[in-house]
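The values are calculated or read from the model by the stated rules, or taken from the named source; none is laboratory data. All values reported here derive from a predicted model rather than from experimental measurement. As a convention, Cβ positions derive from the backbone with ideal geometry for all residues, glycine included, and neighbour counts pool all protein chains shown.
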Protein chains: 4
Amino acid sequence: MSGNILGKRFVVVSFGESHGKCVGAVIDGCPAGLPFNEQDVQRHLDLRKPGTSEYYTPRLEPDRAEILSGVFNGYTTGAPIAIIVRNKDVDSGHYLEYYHRPRPGHADYVARAKYGGFNDWRGGGRFSGRVTISHVIAGSLAIKLLKHVLGIKVYAYTKSIGDIAVNEVTHKGLEERYSNPVRCPDPVIAKKMEEFLRGLIMRGDSIGGVVEAVAFNVPIGIGEPIFDGLEQDISKALFSIPGVKGVEFGAGFTSSRMRGSEFNDKPIIRGGAIKFESNNSGGIVGGVSNGMPIVVRVAFRPPSSIRIPQRTIDLETFEEVEVRVKGRHDPCIAPRAVPIVESTLAIVLADHAIRYGLIPPVLGKEHGKP
Amino acid sequence: MSGNILGKRFVVVSFGESHGKCVGAVIDGCPAGLPFNEQDVQRHLDLRKPGTSEYYTPRLEPDRAEILSGVFNGYTTGAPIAIIVRNKDVDSGHYLEYYHRPRPGHADYVARAKYGGFNDWRGGGRFSGRVTISHVIAGSLAIKLLKHVLGIKVYAYTKSIGDIAVNEVTHKGLEERYSNPVRCPDPVIAKKMEEFLRGLIMRGDSIGGVVEAVAFNVPIGIGEPIFDGLEQDISKALFSIPGVKGVEFGAGFTSSRMRGSEFNDKPIIRGGAIKFESNNSGGIVGGVSNGMPIVVRVAFRPPSSIRIPQRTIDLETFEEVEVRVKGRHDPCIAPRAVPIVESTLAIVLADHAIRYGLIPPVLGKEHGKP
Amino acid sequence: MSGNILGKRFVVVSFGESHGKCVGAVIDGCPAGLPFNEQDVQRHLDLRKPGTSEYYTPRLEPDRAEILSGVFNGYTTGAPIAIIVRNKDVDSGHYLEYYHRPRPGHADYVARAKYGGFNDWRGGGRFSGRVTISHVIAGSLAIKLLKHVLGIKVYAYTKSIGDIAVNEVTHKGLEERYSNPVRCPDPVIAKKMEEFLRGLIMRGDSIGGVVEAVAFNVPIGIGEPIFDGLEQDISKALFSIPGVKGVEFGAGFTSSRMRGSEFNDKPIIRGGAIKFESNNSGGIVGGVSNGMPIVVRVAFRPPSSIRIPQRTIDLETFEEVEVRVKGRHDPCIAPRAVPIVESTLAIVLADHAIRYGLIPPVLGKEHGKP
Amino acid sequence: MSGNILGKRFVVVSFGESHGKCVGAVIDGCPAGLPFNEQDVQRHLDLRKPGTSEYYTPRLEPDRAEILSGVFNGYTTGAPIAIIVRNKDVDSGHYLEYYHRPRPGHADYVARAKYGGFNDWRGGGRFSGRVTISHVIAGSLAIKLLKHVLGIKVYAYTKSIGDIAVNEVTHKGLEERYSNPVRCPDPVIAKKMEEFLRGLIMRGDSIGGVVEAVAFNVPIGIGEPIFDGLEQDISKALFSIPGVKGVEFGAGFTSSRMRGSEFNDKPIIRGGAIKFESNNSGGIVGGVSNGMPIVVRVAFRPPSSIRIPQRTIDLETFEEVEVRVKGRHDPCIAPRAVPIVESTLAIVLADHAIRYGLIPPVLGKEHGKP
């Protein structure tokens, strides 16, 4: 119970189910005076939206943001900001079957066990990837706040799909990451990924992937060790995205095979300021930002919904049966997760920037007299 | 500010510095009626203690636990439990140099920047690995609580050091994981690891490693999605251990290269109960325990302290200089981190077991009349 | 920033403004399996609603509850429950004047100062008594939960209006407290109060009052000292109701003039159980419920909105001016606050009952198969 | 469980029992760079200390503060500050009787019921007034922080003992409030109070009292409505002091008998700034400071420990018996509570000043090079 609240100063409350009336979020703690409107949310929701490419689930959702509170005359007021997205294209027909015959890999079984069968099973309910609309709603606010006050910019992109990975990423690639449906900053690799996904869709299978995120211009000193360090809170937030099975920073798991003499980032002077020669630490040392870009990678398992028939248990008869997941589904989580990862990273950075005193409670001078 | 508190129901407050008077923890939220005394803490502290093998830093610390509150007549009382470990073998001589000339890889520089130079720099202060005494103190209580009430058992062990990794782990190996100084459950691999570390010590370098932890007998249903799921809170807690750069559950990063048809764990009936054929999810689906063992891996970067001279910046003169880390240091974090990872995992499980109502506020019947 | 969240286990998030789109609440932490629907909320909202008597502000609000999430097939699901009430009868015409010329007693001035003028000033915005719709929404859930699981019943009533006070309260009076518009359990005193209010309305003035609340059947042991004791958390919650200037339990301020020999409640045996001869402690000792009814009184200052012209400062010209509050307003907060106080007390008791392990995460057996 | 933590940014963790090893506190969230040492704590502890007047319990406690962490070279470091006070004059002889035969008015009975008899009953354990050492420890830090950064000054004093009350208080009286043992700012009234207490001690009875606290120089805008407003959080904190049964701000309960035309504080211009003609609101409107002094009153019930024999229940035999509280005890809580109330108010103001961005994470320039 009561696990739907994230953060301490820029606090995100998530609510809503996949096939209920809406998915939404309340953000408590946003400073007053940030220019903000529904278009700011919509831009990010559109990047997350299903049905925009052949590699995404074709659920037809307009996903329109409605701001319910906390914004007045085009600015945030300092009051809690509630935003909802109504669900429209809801067809819960198949899901009763999965309530009885849980789909392998899905949360159908644990959800039913945990909530005594009272859980809203339609469309996976609260365990659907659709709940990440909450992340994107709050993230759209965090992204704007970070850029407006501190010039921080957050990028995520598809680093790999299965074995197809991008290695070198250019700044241009980052800026144009949304120009292809797999959100890969390298157009040549992107083509390979698309081709691979098409084959996979044909076979009715799915594949894992890795999303990498980078945050530029993060000032030194953000993060509150030892328990509320940046890696601590970023990883917690990222694992709330359905399908994440691993999170690593900088050299990450590779650092477990490195020597200290190669891993240690040496400080150097660049443009009069102290920077580091390498960034194996991913911009975070001791839980605190060190002024280098923050680099984090997120491993997504393959989507659980595959067309290939799978064995499961019928919870009423306790017999082994076969379940076939109907409909078309994302063959890989990574591409659609890109804006969600950006949002999630931004939420944590905003929370910590406020905690560290870098963002005041009121932005700018007193708002023009109405 | 204020980042030294972990958890919501089994709450751990960490305090103390490496070369200050002590390191300690307050645990708020432990039920009344758990048999507990200083020996229960000491057992785990001894496993964490420096100086017990040639592969550990030789700092001579007795690391004696002193319970200050919350325990009466051999039982927990329901009041907050404060426990401290006094620092004894303190030699802060070298550290003033590192305050001016930050050691690469260490938090010397970010600590000074974040706290305006007011930070206690002696021995790394609050950024020393010694703060994990807090984890072990609280973990010793959590481990006992979980076993006492729910029969949950938590094991960690060194999975790899550099490229030397253990693959198959037997139950016997797990039980005897502390029988060799590298805490590897496979004695043959352990020998190789020891040999490798000896060579490394000669060269004055260090190496990364991976610790794996497993929790058995975790009931289904623990974990509060979407933000306070198990993976979310376990990863947050594990990243608070100095040196961690990655956390993954079950198949982890490997799952990013798997197909749904191989990844999805199929439910099966075993002994009248529903279990799963495989455990790629690491015992957690949708942030909730599914009744399978919880499996998590933690990547440790190599220790930053190496004898090899390194380039750094003198913060007073802003010139490039060379710094040489004095003394002997752990060549690899993983072995000494094994009891810390166990403790940390247990803390989160205890917190969530209480949240999910599995542990009552009073254990057992009314305590015998005094 | 970020002060709109109450509680630790039955968590209430409030949002919305007086003249914005809606006022609402998210409740995170309600167990699964509680029968609940919009009528359960509506019943309480109707008691709080304006315009239902000549002593209430005549704003014509239907105040219809809309459940957005967390309820499925007539039961709570364990997911966060979001409920909104749309604002309808909005006329913000006068309020721009008050933004420039703050009304004495109102929050107009502090709101503008705190939020740099970005605050939504329409209808008092976030500082309007209308935000207590959040309390009633969450309270309707808490009241049902407490009654359903523990048989706890919560009553509030108007104890005094100005100098007119009720002394003896019968159980019948409590049950029928909503049968007169001043919500006074003594019909004779109620008549006097009504008469007094009519005179006050004529003069365009307002008056203070006291609301008393009683909770029956609260089990012994609820409340977590020393900081999260019952008095601590109940008082905090009650002071969130606009207009509250004092909170006292049991003998309250009167106890400051009592001797220990009269104040101390002596334990006695009643029906085989330990009760107390008197209830000067108001059912709470050391922050913990002692099995007696919880008794708390709340002092409301007079409503700030009065028709009598008042002196204020024009914030643009910095001159003393006169402001006249337009429209009709409640002459006394107490009567309309009665359901709000009941809700608020219930919210805190629900939160603490869950914390103390008295309410399980799932209510009843597994819900009938759909 | 887990109710011993107060605040969100200046976080106070309380631990320790009356007759255990010590009472202490951890403060997490104090900025770096505040000059602070054990004398700063000691000064306030000495004001709280027992045995310093004939009206206080004669327990002979030196009450020496020991700083365990978070302070280095005379300044706070930004790390958690742990401070303990060892218990010395411990005689638990009588208390076993009270475990079986709970003293009326005391928490003996609820403590045993709540914690299943595992509670440390010696000296009242965790329910002793001695736990307010935690408040004073943290308060000494908060008082210094508020004064150092914002010039805020906090005063409390005995407003009344029984029916003997002080009405007018001069600034000189405030400054010299500790010059008499009853901590009353009017020396004439103080004499009457002392005389009254002497008679009461003779009769073996006790009396209630009221403490008033005032905070000067609190900037406008502090307090986060609607749940974390100043009145909300101050009242919560004050009710954590054993013996408090009521809290009121400004006109408080008296405002329930006032008309709006008299209650509303009219804004005026004083010295170029907006102030208010009266202060019925006690410096807080809508949960937010309005720039006037914060005024709060706390009602203390009479101490439960009286020499007069009282009836109680023997919990082993379930028979009515008589209990006689041994030893000498405070005849009135108010005088000794004065420094505790000051500390508690300061703690909440410090927490909120940090939340509102008025106190930076580092105070002053970089600390002189060591």
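Here's a check for you: in segment D:71-89, which residue that is in a loop (DSSP other than H, G, I, E, B) and facing chain B (nearest Cβ under 7 Å) is farthest from residue D:14 (Cα to Cα)? Walk me through how you get there before you give the answer.
Going residue by residue through segment D:71-89, those that are in a loop (DSSP other than H, G, I, E, B) are D:73-74, D:77-80, D:87-89.
From the residues that got through so far, the ones that are facing chain B (nearest Cβ under 7 Å) too are D:77-80.
Details: D:77: 20, D:78: 19, D:79: 17, D:80: 13 Å.
Among those residues, the one meeting the criterion is D:77.
Quick check on my filter: what residues within segment B:116-127 are buried (at least 24 other Cβ atoms within 10 Å of the Cβ) and outside any helix (DSSP H, G or I)?
Across segment B:116-127, the qualifying residues are B:118, B:119, B:120, B:121.
In segment D:86-112, which residue that is hydrophobic (A, V, I, L, M, F, W, C) and within 22 Å of the chain's Cα centre (by Cα) is surrounded by the most Cβ atoms within 10 Å (Cβ to Cβ)?
Among those that are hydrophobic (A, V, I, L, M, F, W, C) and within 22 Å of the chain's Cα centre (by Cα), it is D:111.
Are any of the residues in segment B:95-108 acidic (Asp, Glu) and within 10 Å of chain D (Cβ to nearest Cβ)?
No, segment B:95-108 contains no residue that is acidic (Asp, Glu) and within 10 Å of chain D (Cβ to nearest Cβ).
Given the options D:68, D:146, name the one that is buried (at least 23 other Cβ atoms within 10 Å of the Cβ), more than 19 Å from the chain's Cα centre (by Cα), away from chain C (no Cβ under 14 Å) and aliphatic (A, V, I, L, M).
D:68
Return a yes/no flag: does segment C:46-57 have any residue that is touching a helix residue (DSSP H, G or I) at 6+ places or on another chain (Cβ under 6 Å), of a type in the set (A, V, I, L, M) and at pLDDT 95 or above.
No, segment C:46-57 has no match at all.
Please give the number of the condition residue A:2 fails out of (1) out of contact with any helix residue (DSSP H, G or I) (no Cβ under 7 Å at 6 or more places or on another chain); (2) free of Cβ contacts under 8 Å to residues at least 60 places away in the same chain; (3) more than 14 Å from chain B (Cβ to nearest Cβ).
(3)
If I ask for residues that are over 16 Å from residue C:112 (Cα atoms) and at the interface with another protein chain (Cβ under 10 Å from one of its Cβ atoms), which ones from segment D:262-275 would you list? So that I can check it myself, show each step before the final result.
Taking segment D:262-275 and keeping what is over 16 Å from residue C:112 (Cα atoms), we get D:262-266, D:268-272.
Matches in segment D:262-275: D:262, D:263, D:264, D:265, D:266, D:268, D:269, D:272.
Filter segment A:124-143 down to the residues that are small (Gly, Ala, Ser) and in contact with a helix residue (DSSP H, G or I) (Cβ under 6 Å, 6 or more places away or on another chain), then identify the one that is nearest to the other protein chains (Cβ to nearest Cβ).
That would be A:138.
Looking only at segment B:28-65, filter to residues that are within 11 Å of chain D (Cβ to nearest Cβ) and aliphatic (A, V, I, L, M); which one of those is nearest to residue B:339 (Cα to Cα)?
This residue is B:34.
Give all pairs with beta carbons closer than 6 Å in which a residue from segment D:89-102 that is under 18 Å from residue D:320 (Cα atoms) meets a residue that is in a loop (DSSP other than H, G, I, E, B); count only pairs at least 6 apart in sequence or on separate chains.
D:99/D:121; D:100/D:315; D:100/D:316
How many residues does segment A:135-175 contain that are in contact (Cβ under 8 Å) with a residue 24 or more places away in the chain and assigned to a helix (DSSP H, G or I)?
16
Examine segment B:291-311 for a residue that is more than 7 Å from chain A (Cβ to nearest Cβ) and within 27 Å of residue C:358 (Cα to Cα), and state whether such a residue exists.
Yes: segment B:291-311 contains one or more residues that are more than 7 Å from chain A (Cβ to nearest Cβ) and within 27 Å of residue C:358 (Cα to Cα).
Taking segment A:235-290, which residues are closer than 30 Å to residue B:283 by Cβ, assigned to a helix (DSSP H, G or I) and of a type in the set (Phe, Trp, Tyr)?
A:253
Please work out which residue is modelled with the highest pLDDT, limiting yourself to segment D:300-336 and to residues that are among the charged types (D, E, K, R) and either in a loop (DSSP other than H, G, I, E, B) or in contact with a His (Cβ under 9 Å, 6 or more places away or on another chain) (or both).
Checking each candidate, the answer is D:301.
So which of A:286, A:364, A:368 is modelled with pLDDT of 95 or more, over 15 Å from the mean Cα position of the chain (by Cα) and of a type in the set (Gly, Ala, Ser)?
Exactly one of A:286, A:364, A:368 is modelled with pLDDT of 95 or more, over 15 Å from the mean Cα position of the chain (by Cα) and of a type in the set (Gly, Ala, Ser), namely A:286.
Look at residue D:208 and say whether it is closer than 28 Å to residue D:46 by Cβ and either aromatic (Phe, Trp, Tyr) or within 7 Å of chain C (Cβ to nearest Cβ) (or both).
The answer is yes for residue D:208.
Specify which of the listed residues (B:194, B:212) is acidic (Asp, Glu), modelled with pLDDT of 95 or more and under 21 Å from the mean Cα position of the chain (by Cα). Step through it out loud before you land on a result.
On the way: B:194 fails: under 21 Å from the mean Cα position of the chain (by Cα).
None of the other options fit; the residue is B:212.
In segment D:261-274, is there at least one residue being basic (Lys, Arg) and at pLDDT below 95?
Scanning segment D:261-274, I find at least one residue that is basic (Lys, Arg) and at pLDDT below 95, so the answer is yes.
Mind checking which residues of segment D:190-209 are in contact with an Asp or Glu (Cβ under 8 Å, 6 or more places away or on another chain) and part of a helix (DSSP H, G or I)? Walk me through how you get there before you give the answer.
Applying the first criterion (in contact with an Asp or Glu (Cβ under 8 Å, 6 or more places away or on another chain)) to segment D:190-209 yields D:198, D:201, D:206.
D:198, D:201 - these are the residues of segment D:190-209 that are in contact with an Asp or Glu (Cβ under 8 Å, 6 or more places away or on another chain) and part of a helix (DSSP H, G or I).
Could you tell me whether residue D:109 is modelled with pLDDT of 95 or more and either assigned to a loop (DSSP other than H, G, I, E, B) or out of contact with any helix residue (DSSP H, G or I) (no Cβ under 6 Å at 6 or more places or on another chain) (or both)?
So residue D:109 passes the test.
State whether one or more residues within segment A:156-178 are touching a strand residue (DSSP E or B) at 6+ places or on another chain (Cβ under 8 Å), within 25 Å of residue A:30 (Cβ to Cβ) and surrounded by 24 or more Cβ atoms within 10 Å (Cβ to Cβ).
yes
Among the listed residues D:246, D:221, D:229, D:250, which satisfies the condition of being at the interface with chain C (Cβ under 7 Å from one of its Cβ atoms), over 22 Å from residue C:249 (Cα atoms) and not acidic (Asp, Glu)?
D:221
Those residues that are hydroxyl-bearing (Ser, Thr, Tyr) and within 20 Å of residue B:155 (Cα to Cα), I need them from segment B:172-227; list them, please.
Those that are hydroxyl-bearing (Ser, Thr, Tyr) and within 20 Å of residue B:155 (Cα to Cα): B:178, B:179.
Within segment C:288-312, which residues are surrounded by 22 or more Cβ atoms within 10 Å (Cβ to Cβ) and touching an Asp or Glu at 6+ places or on another chain (Cβ under 6 Å)?
Result: C:297, C:303, C:306.
Given (1) buried (at least 24 other Cβ atoms within 10 Å of the Cβ); (2) without any contact (Cβ under 8 Å) to a residue 12 or more places away in the chain, identify the lone condition not met by residue D:271.
So residue D:271 meets the others, but not (1).
What's the total number of residues in segment D:312-348 that are within 12 Å of another protein chain (Cβ to nearest Cβ), within 18 Å of residue D:109 (Cβ to Cβ) and either touching a residue at least 60 places away in the same chain (Cβ under 8 Å) or of a type in the set (D, E, K, R) (or both)?
11
Among the listed residues C:31, C:58, identify the single one that is on the phi < 0 side of the Ramachandran plot and touching a Leu at 6+ places or on another chain (Cβ under 7 Å). Let's see the steps before the verdict.
Values: C:58 fails: touching a Leu at 6+ places or on another chain (Cβ under 7 Å).
After applying the criteria, what remains is C:31.
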